[in-house]
Amino acid sequence: MIPSDLISAKHVIDQINAQIQLESRSAFNLILVPRKLDSIMKLIEEEGVYEYVQVYSLSYGLIRLDKFLLSLELPKIFQTVFVQNNLSLLPVIARSLWSTQLVFGTPTITIHLGRIAKKVDQIVHEFLENLGRPDGKSQDISYCIILDRDIDYASPLLTSGTYTSLLDEVFGIKSGTITVPDTKISFSLCSQEETFSQIKYRHFCDVSSHLSSKAKRLQEEYAKSQNMGLQEMKAYISQNLGNVRSMKQSLGHHVTACEAVSQKIGARFVKQHEIEQNIIAGRDKRETTQYIENQIALAEEDKLIVLRLICLLSLAQEGLNAEEAKSLKMQFLQAYGYQYLTVFHNLEQIGLFTEQPSLMNVMAAESGIANRLTHVVARKNAFQTLCQRLGLIPSFMENLDLKNPTDMSYVFSGGYIPIACQLVNLIWKKELSLDDLTKIFPHCTVKGKENQNLVTPMRNKIMVYFIGGVTYAEIAAFQFLETLLNVQILVIGTSVINGNTLMDQCI
């Protein structure tokens, strides 16, 4: 069983060829996830193993990871679609969207943000025509927003401060399970488990105190049991002992995880958060560049962390000037190796490492004073303009209580609100019209029209589908928004990603 990509297929075919040399009558079953591809079938034929291999496909659909969180669990979708520009897996994404419509009905309004989202919509339309439509009895979704990951690169590049986000950042959550290095402790992150359900979306600064209070209550419970009579002890053992034991084990797991996170990321978290917020806000550029250069020179940080900062800097200021780009690129390659030369080409292709046009090039390309002035006005930073237009950078960052947050920006310690989360907030509260949305985003289409009966007690659900992966920071922000708006938000992603996995797919 292998993912549907040529590299994995080539590795397996090489092993099959080696086995055939030893035993000519060997037979093999190859399962491709999520679908068969003509390119792989052609490779099997070219390598001369076609008669020995029976090929199958497995497309398992959406998997429920948590309450109102579904995922295709296809971690390489971003690399395949956005980096390699390979659209062969879009039917898998479209089929998952088609299946949600069969369950929830056709959304009243569907918004597509991004070129890939528009292509997926065309395939969904074909599925509805050829495979069937919803019966029309249920129409639970008021708004369905389908967006490409490249609509908001800042959310995965920034370091989130929520508990689950940091677990994913440090350990990597795989299908709801983490393993703490050194301790070899492995446990599931299940919302049915009381402790995790209470801390999963809290800011990390509030998690330790919460765990301490639960441990104190557990000790009080244990002390109380020491003075019980025989009958009370018998009832306690039959009714409460199992819960107390599982609570103790759960607390031990999360305390161990917190300690490991603090050891791994605690020393740099405050300074890196400050640098990231300076980048997002467009201030202290010299200090930011010097910090990145120091991290490269000292080689104290993983190459993925350094790449994230470089990409964030390029994104926030609409590209680096030629001198900055060349300098950071050369320093990175000299520190980590020239085998990463192609990484910068990939980052450039997806818009995460770009150069600003020089003044000489602008003047050569433009003619006339009026044209030059027009170009200067148009060069105003698009990222900063979007942040101002949607209110993505709060002005009250210093006054935000991270233990009792009142704003979605708490997921990034008060510095940034994920674009998708803010769009849902503004659209639901009628502070952003659908017409304005199409003006803000170039690749945006809207199906359906707003009316007075759009939102009812039976139709207060919103579905948001991320093509290329969703982050735990965005999931936490949506959960917070549910409480603010009294609405149910169903979050779906092709996978759950973070900044490290995003960068890794560009390597």
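Within the range 467-507, restricting attention to residues that are touching a Phe, Trp or Tyr at 6+ places or on another chain (Cβ under 6 Å) and part of a strand (DSSP E or B), the residue that is farthest from Phe82 (Cα to Cα) is Ile489.
Looking at this structure, is Asn425 open to solvent by 10 Å² or more (accessible area, probe 1.4 Å), part of a helix (DSSP H, G or I) and closer than 25 Å to Phe353 by Cβ?
So Asn425 fails the test.
One residue stands out in the range 124-180 among those that are in contact (Cβ under 8 Å) with a residue 40 or more places away in the chain and open to solvent by 30 Å² or more (accessible area, probe 1.4 Å): the one that is farthest from Leu312 (Cα to Cα), namely Gln139. Looking across Tyr222, Tyr236, one residue alone is over 28 Å from Phe480 (Cα atoms), at pLDDT below 90 and open to solvent by less than 30 Å² (accessible area, probe 1.4 Å). It is Tyr236.
Select from the range 21-40 the residues that are hydrophobic (A, V, I, L, M, F, W, C) and either at pLDDT below 95 or open to solvent by less than 20 Å² (accessible area, probe 1.4 Å) (or both) and write down the one among them that is farthest from Leu62 (Cα to Cα). Across the range 21-40, the extreme among qualifying residues is Leu22. Of all residue pairs spaced 6 or more apart or on separate chains, those with beta-carbon atoms under 8 Å, a first member in the range 292-316 that is farther than 16 Å from Asp150 by Cα and a second member that is open to solvent by 10 Å² or more (accessible area, probe 1.4 Å) and in a loop (DSSP other than H, G, I, E, B) are Gln295/Glu301; Ile310/Phe353. Among the residues of the range 69-101, those that are in a helix (DSSP H, G or I) and either among the aromatic types (Phe, Trp, Tyr) or touching a Leu at 6+ places or on another chain (Cβ under 8 Å) (or both) comprise Ile77, Phe78, Thr80, Val81, Phe82, Val92, Ile93, Ser96, Trp98, Ser99, Thr100, Gln101. Inclusion of Phe344 among residues that are in contact with a Phe, Trp or Tyr (Cβ under 6 Å, 6 or more places away or on another chain), without any contact (Cβ under 8 Å) to a residue 24 or more places away in the chain and open to solvent by less than 20 Å² (accessible area, probe 1.4 Å) is warranted.
Whenever a residue of the range 44-61 is assigned to a strand (DSSP E or B) and open to solvent by less than 50 Å² (accessible area, probe 1.4 Å), its partners that are polar (S, T, N, Q) and at pLDDT 90 or above, lying with C-beta atoms within less than 9 angstrom and at least six residues away or across chains, give the pairs Val53/Asn29; Val55/Asn29.
Each row is one residue, and each column tells you yes or no for (1) out of contact with any His (no Cβ under 8 Å at 6 or more places or on another chain); (2) not basic (Lys, Arg).
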site: Tyr410; (1), (2): no, yes
site: Tyr416; (1), (2): yes, yes
site: Leu437; (1), (2): yes, yes
site: Lys461; (1), (2): yes, no
site: Ile467; (1), (2): yes, yes
site: Ile489; (1), (2): yes, yes
site: Thr494; (1), (2): yes, yes
site: Asn498; (1), (2): yes, yes
site: Leu502; (1), (2): yes, yes
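As a summary of the residue check, Phe78 satisfies the conditions (1) surrounded by 18 or more Cβ atoms within 10 Å (Cβ to Cβ); (2) aromatic (Phe, Trp, Tyr); (3) at pLDDT below 95 except for the one numbered (3). The combined condition, being of a type in the set (Asp, Glu), open to solvent by less than 70 Å² (accessible area, probe 1.4 Å) and touching a residue at least 24 places away in the same chain (Cβ under 8 Å), is fulfilled by Asp206. Could you list, in sequence order, all residues of the range 187-203 that are touching a residue at least 40 places away in the same chain (Cβ under 8 Å) and among the hydrophobic types (A, V, I, L, M, F, W, C)? Residues satisfying the conditions are Phe187, Phe196, Ile199.
Say whether the condition of being more than 23 Å from the chain's Cα centre (by Cα) and at pLDDT below 90 is met by at least one residue in the range 388-395. The answer is yes; a qualifying residue exists.
Residues that are surrounded by 19 or more Cβ atoms within 10 Å (Cβ to Cβ), in a loop (DSSP other than H, G, I, E, B) and either hydroxyl-bearing (Ser, Thr, Tyr) or in contact with a helix residue (DSSP H, G or I) (Cβ under 9 Å, 6 or more places away or on another chain) (or both) are absent from the range 9-20.
The set of residues in the range 102-123 that are assigned to a helix (DSSP H, G or I), surrounded by 22 or more Cβ atoms within 10 Å (Cβ to Cβ) and either among the basic types (Lys, Arg) or out of contact with any Asp or Glu (no Cβ under 8 Å at 6 or more places or on another chain) (or both) contains only Val120. Thr288 falls short on exactly one of the conditions (1) of a type in the set (Val, Ile, Thr); (2) crowded, with 19+ Cβ neighbours inside 10 Å; (3) at pLDDT below 90, and that condition is (3).
The values are calculated or read from the model by the stated rules, or taken from the named source; none is laboratory data. Remember, predicted model here, so these are calculated numbers, not experimental data. With ideal geometry, Cβ positions are generated from the backbone for all residues, glycine too; neighbour counts draw on all protein chains shown. Note: areas computed on protein heavy atoms with side chains; ligands, DNA, RNA excluded. Shrake-Rupley method; radii C 1.70, N 1.55, O 1.52, S 1.80 Å.
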